[in-house]
Amino acid sequence: MNPKTFKIKSFGCQMNVYDGERMAELLGAHGLSPAAETDDADLVVLNTCHIREKAAEKAYSDVGRLRREDGSKPLIALAGCVAQAEGAEAKRRSPLIDIVVGPQAYHRLPEMVAQVSRGVRPVDTDMPAISKFDALPARRRANPSAYLTIQEGCDKFCTYCVVPYTRGAEISRPCDDIVAEAQALVDGGAREIVLLGQNVNAWTDGSQGFAGLIRALARIEGIERIRYTTSHPADMTEELIAAHAEVDKLMPYLHLPVQSGSNRVLKAMNRSHTVETYLATLAKMRAARPDIALSGDFIVGFPGETEKDFEATLQIVDAARYASAYSFKYSPRPGTPAAIMEDQIPRDIMDDRLQRLQAKIIESQLTFNRSKIGFETDVLIERKGRHGRQMIGKSPWLQSVHVETDARPGDIIGVTLVSAGPNSMAGTERQRAAA
């Protein structure tokens, strides 16, 4: 089979979104055209995430749904972290899968598609150095806010996390390559660059650290905004904190996962920070950039978590005054130390704790958003809204802002923020100066 059309379905994190975009560009460079719907595609790539429980089962369920009513099916490639974790076992579990390709090997996807036409069902889960970026085509088109992966893998080995096993060790891309891709994204229409990595602030190139990279990118004409995710508290250097104070293009937003408000649980998770050092880092960030919007990640129901431990997590939400935060029930990942720990928490207790934590987070988000009512700020327009002239964009603090305007995606407009909910704000466009 020589496919002419493709559809890529990406699940999970922003890095998977980036990988999906790059696979689409790669297949397009080899003459394939994107299909509007899965049913219209000759090749379907399921770009999977393995961070949550039952991720593999969901992936195989998605594979099964690709069989058509007449018994035919597209060429199916299982990609991403489930592919990395399952390897050749994936094809044994589902005969419908033709290709298994891990996140460090997807630059070989066109070659693997060609192998299928020769009767081979290839598997590639090698984890080479980041050679895949050299094999990918040049960036041509970009959204107003564009992702750019600068670092992959993790050396932290948190006891609950599968990333070191599916993405490999921490590896950083060279600075010159990142700057070149950023320039290509700007040439393709990007106004904002979002730097991605499993531990993005661990990026380094020789003697240059992450703060130096941000300063280099800020010198590119056409880049109006710079963001990054996801950070690790251990890599929040003084230089990076200073960059938040000194680089105007670096947005006043920081996503810094803490995971728990209990030092006892943090130690069991193999997190290198304590509650005290984490809050001290946040205090330094606020001193450097007083209007910073802070975001975090939380896991509830980690093995051995007591009610007292959980109450400490509620307390850190109050102490941090988050503008946003993400919370999840603990999910055992096969092969991780936490999966075999004693004192696994019953599901009903996790459910209750998650609801209580999310209520606290929503309260914190609403408080932050309401504090911005009346502010005049710039909004980067990203897409159309649901009604008439309504457009949706992002404030510097990463709030979604709804505004009536004739501006188009990619425009940056002045807006007065007039109302707030927990997840978004409304604004009115300020009158633009005459041309």
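Computing FRET efficiency as 1/(1 + (r/R0)^6) for residue 220 and residue 416, where r is the C-beta to C-beta distance and R0 is 22 Å, gives about 0.15. The residues of segment 11-62 expose, per residue, 42 Å² of accessible area to a 1.4 Å probe. Dipole magnitude for segment 280-435: computed about the Cα centre from +1 point charges on Lys and Arg Cβ and -1 point charges on Asp and Glu Cβ, it is near 620 debye. When cysteine pairs in the chain are screened for C-beta atoms closer than 4.7 angstrom, the residues that find no partner are 13, 49, 81, 154, 175.
Considering only 103, 422, 95, the mean-square fluctuation computed in a Gaussian network model of the chain, springs between alpha carbons under 10 angstrom, is largest for 95. Residues whose amide H lies under 5 Å from that of residue 300, counting only those 5 or more places away or on a different chain, are 328, 329, 330; hydrogens are built 1.01 Å from N in the peptide plane.
Radius of gyration (Cα atoms) of segment 1-105, expressed as a multiple of 2.2 N^0.38 Å: 1.00. Would you mind checking 267/360; 4/73; 329/360 for any pair whose Cα atoms are more than 21 angstrom apart? Among 267/360; 4/73; 329/360, the Cα-Cα distance tops 21 Å for 267/360.
Extension gain for the segment residue 386 to residue 111, taken as residue separation times 0.36 nm less the Cα-Cα distance, is 94.8 nm to one decimal. A Förster radius of 41 Å, combined with the Cβ-Cβ distance separating residue 29 from residue 307, puts the computed FRET efficiency at roughly 0.15. Solvent exposure of segment 194-323 amounts to 36 Å² per residue of accessible area, where only protein heavy atoms count and the probe is 1.4 Å. Each part reduced to its alpha carbon centroid, segment 230-283 and segment 65-98 end up 39 Å apart.
Taking a straight Cα-Cα cut-off under 15 Å and skipping sequence neighbours fewer than 8 places away in the same chain, the aspartates and glutamates within cross-link reach of residue 284 are 235, 238, 239, 246, 276.
What does a probe at residue 2 reach in segment 26-48, counting residues whose amide N is under 20 Å from the point 7 Å along Cα→Cβ? Label zone hits: 26-35, 41-44. Taking a Cβ cut-off of under 10 Å around residue 59, the surrounding Lys, Arg, Asp and Glu residues balance to a net charge of 0, with basic ones at +1 and acidic ones at -1. Dividing the helix sum by the residues of the chain, where each DSSP H run of 4 or more adds -39500 (n - 2.57), gives a mean residue ellipticity at 222 nm of -10000 deg cm²/dmol. Between residue 341 and residue 280, the C-beta separation translates, for a Förster distance of 30 Å, into a calculated FRET efficiency of about 0.55. When the Cα atoms of the chain are aligned to their principal axes, the ranges along those axes come out at 65, 62, 48 Å in descending order. Of the Cα atoms belonging to segment 67-216, the radius of gyration and Dmax stand at 17.8, 59 Å. Of all beta bridges that DSSP places with both ends in segment 315-435, some 80 percent have antiparallel geometry. In loop segments of segment 356-435 as defined by DSSP, the trypsin sites (Lys or Arg not before Pro) with at most 12 further C-beta atoms inside 10 Å of their C-beta are 386, 389, 432. Within the accessible surface of the chain, defined with a 1.4 Å probe on protein heavy atoms only, the carbon and sulfur portion equals 50 percent. Label zone (residue 319, point 7 Å along Cα-to-C-beta; backbone nitrogen cut-off 12 Å) within segment 261-289: 261-264, 274-283. Of all beta bridges that DSSP places with both ends in the chain, some 35 percent have antiparallel geometry.
Global dimensions of segment 73-148 from alpha-carbon coordinates: Rg and Dmax equal 13.8, 42 Å. For the chain, leaving out every one of the GluC sites (Glu not before Pro) that falls in a DSSP loop and has at most 11 other Cβ atoms within 10 Å, the longest unbroken run is 70-220.
Solvent exposure of residue 13, expressed as accessible area, is near 50 Å², computed with a probe of 1.4 Å over the protein chains only.
Close amide H contacts of residue 253 (hydrogens built in the peptide plane, cut-off under 5 Å, sequence separation of 5 or more or a different chain): 293. Taking all protein chains into account, the per residue accessible area for segment 354-413 stands at 51 Å² (1.4 Å probe). Taking trypsin sites (Lys or Arg not before Pro) across segment 254-349, the ones in a DSSP loop with at most 14 further Cβ atoms lying within 10 angstrom of their Cβ are 321. Counting charges near residue 95 (Lys, Arg +1; Asp, Glu -1) among other residues having Cβ under 13 Å from its Cβ returns a value of +4.
Segment 293-315 and segment 120-190 have Cα centres spaced 31 Å apart. Only beta bridges with both residues in segment 81-230 are counted; by DSSP, about 25 percent of them are antiparallel.
The values are calculated or read from the model by the stated rules, or taken from the named source; none is laboratory data. The structure displayed is predicted, hence computed values, not measured ones. Quick reminder, even Gly has a Cβ in these numbers, built from the backbone with ideal geometry, and neighbours come from all protein chains shown. Only protein heavy atoms, including side chains, enter the accessible area calculation; ligands, DNA and RNA are left aside. Shrake-Rupley method; radii C 1.70, N 1.55, O 1.52, S 1.80 Å.
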